[in-house]
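The values are calculated or read from the model by the stated rules, or taken from the named source; none is laboratory data. Just so we're clear, the structure is a prediction, and the values are computed from it rather than from any experiment. Every residue, glycine among them, receives a Cβ derived from its backbone with ideal geometry; neighbour counts consider all protein chains shown. Ligands, DNA and RNA are excluded from the accessible area calculation, which covers all protein heavy atoms including side chains. Shrake-Rupley method; radii C 1.70, N 1.55, O 1.52, S 1.80 Å.
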Amino acid sequence: MAVLKVEHLCKQYASELVVNQLSLTIPAGICFGLLGPNGAGKTTTLKLCLGLITPDSGSIELMGMPVPDAGPKVRLRVGVVPQFDNLDPDFSVAENLIIFGRYFGIKPDVVRANVPELLAFAGLEGKEKSRIRELSGGMRRRLTLARALVNDPDVIFLDEPTTGLDPQARHLIWERLRQLVAKGKTLILTTHFMDEAERLCNCLAIMDHGKIIAEDSPKRLIENLIEPVVVEVFGDGLDDWLATVATGTGCRIERAGETIFCYGQDATAVLQSMVTFPGLKSVVRQANLEDVFIKITGRELRD
């Protein structure tokens with residue numbers, strides 16, 4: 001069963017086509033990732049799928065209901081973790097959850113009874129009476145995740161859920177998101193962290209200029225779209241090595257600042273070519289999702 005089905009979706013602002021003939025189908029019970037550079041159209045796509053903005057053309061079905069026509073009804077079964085926290089600083093942690101439950105018609109006593117479980121899920125035990133201003137950024141982010149679960153949603157949209165978090169908080173949220181998928185929830189997330197997408201997503205789509213340019217599991221994207229071995233070369237003599245030797249290694253070569261990335265079937269030729277350049281250093285590794293992302297979207301900065 002498709003939890004979300006989008007066909008030929010378009011959204012334009014002024015002269016810019018932000019979402020361009022986008023089509024995707026997301027089955028139930030998976031974590032689906034939507035990746036892309038800044039300005040690729042990810043957040044606009046999420047807002048369209050939630051019925052918060054109206055498409056110019058195309059169709060959206062979320063849990064079998066048309067969006068945006070059935071937007072208010074379908075959102076009762078959806079949880080949302082927005083890109084930026086919008087917790088109410090005038091209320092305590094528990095009060096934020098209770099008040100949010102009212103948007104779904106949930107009685108305060110029902111939410112209050114669930115507060116300990118929600119906070120335990122977010123690693124916020126004992127914080128019921130804390131004010132939002134007293135929480136660290138990581139705590140606020142985890143509370144936003146707990147708040148998204150107040151209505152026990154079937155589908156949870158997460159827009160960059162771990163941005164700004166330290167490694168410990170990120171790993172805690174990853175663990176919690178895996179638990180949600182294990183319970184049969186469907187997660188739809190955007191992220192700029194390629195390791196996050198590679199770890200969490202059963203399937204993902206890479207988006208650029210409003211279009212989906214690649215879609216598959218992380219493993220198959222890496223296997224099909226990038227060379228298996230990467231050698232990162234840096235250090236003294238880099239320019240001379242690049243000008244005289246590097247192109248003879250048979251690798252695909254890219255430069256980013258003071259590092260040369262050599263993509264190939266193995267590292268042997270690259271490492272041999274460096275022998276006469278003692279100032280050079282190297283890191284040999286397996287290709288990953290970030291390499292795929294850079295290859296198909298480019299290395300230029302996006303604002």
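Annotations
- So residue 80, is it part of a helix (DSSP H, G or I) and closer than 17 Å to residue 151 by Cβ: no
- For residue 126, the conditions (1) among the small types (Gly, Ala, Ser); (2) open to solvent by 20 Å² or more (accessible area, probe 1.4 Å); (3) more than 26 Å from residue 104 (Cβ to Cβ) are fulfilled apart from (3).
- Qualifying residue in the stretch 106-116 (condition: more than 19 Å from the chain's Cα centre (by Cα), without any contact (Cβ under 8 Å) to a residue 24 or more places away in the chain and open to solvent by less than 10 Å² (accessible area, probe 1.4 Å)): yes
- Check on residue 40, more than 22 Å from residue 161 (Cα to Cα) and either in contact (Cβ under 8 Å) with a residue 60 or more places away in the chain or open to solvent by 10 Å² or more (accessible area, probe 1.4 Å) (or both): no
- Residues of the stretch 19-33 classified as touching a Ser or Thr at 6+ places or on another chain (Cβ under 7 Å) and either farther than 20 Å from residue 159 by Cβ or modelled with pLDDT under 95 (or both), total: 2
- All told, residue 136 falls short of being small (Gly, Ala, Ser) and within 27 Å of residue 6 (Cα to Cα).
- Unmet criterion (only one of (1) of a type outside the set (A, V, I, L, M); (2) in a strand (DSSP E or B); (3) surrounded by fewer than 19 Cβ atoms within 10 Å (Cβ to Cβ); (4) on the phi < 0 side of the Ramachandran plot) for residue 11: (3)
- Filter pass, residue 175 being without any contact (Cβ under 8 Å) to a residue 60 or more places away in the chain and either at positive phi or not basic (Lys, Arg) (or both): yes
- Residues of the stretch 100-139 that turn out to be outside any loop (DSSP other than H, G, I, E, B) and within 17 Å of residue 79 (Cα to Cα), as a count: 10
- If the condition is being part of a strand (DSSP E or B), closer than 25 Å to residue 193 by Cβ and either among the acidic types (Asp, Glu) or out of contact with any helix residue (DSSP H, G or I) (no Cβ under 8 Å at 6 or more places or on another chain) (or both), then the stretch 21-43 contributes 24, 25, 26, 27, 32.
- Test result for residue 276, more than 27 Å from the chain's Cα centre (by Cα), of a type in the set (Ser, Thr, Tyr) and open to solvent by 60 Å² or more (accessible area, probe 1.4 Å): yes
- When 148, 113 are checked against the criterion of being within 29 Å of residue 66 (Cα to Cα) and modelled with pLDDT of 95 or more, a single residue qualifies: 148.
- The one condition in (1) surrounded by 14 or more Cβ atoms within 10 Å (Cβ to Cβ); (2) in a strand (DSSP E or B) that residue 74 fails to fulfil: (2)
- Options 283, 275; residue that is free of Cβ contacts under 8 Å to residues at least 24 places away in the same chain and over 17 Å from residue 38 (Cα atoms): 275
- Long-range neighbours under 9 Å by Cβ, at least six apart or interchain, first residue in a loop (DSSP other than H, G, I, E, B) within the stretch 44-58, second of a type in the set (Phe, Trp, Tyr) and modelled with pLDDT of 95 or more: 50/157
- Residue 285 being surrounded by 13 or more Cβ atoms within 10 Å (Cβ to Cβ) and in a strand (DSSP E or B): no
- Candidate set from the stretch 153-179 (those that are among the β-branched types (Val, Ile, Thr) and farther than 13 Å from residue 193 by Cβ); member that is farthest from the chain's Cα centre (by Cα): 155
- Residue in the stretch 292-301 that is open to solvent by less than 20 Å² (accessible area, probe 1.4 Å) and in contact (Cβ under 8 Å) with a residue 12 or more places away in the chain present: yes
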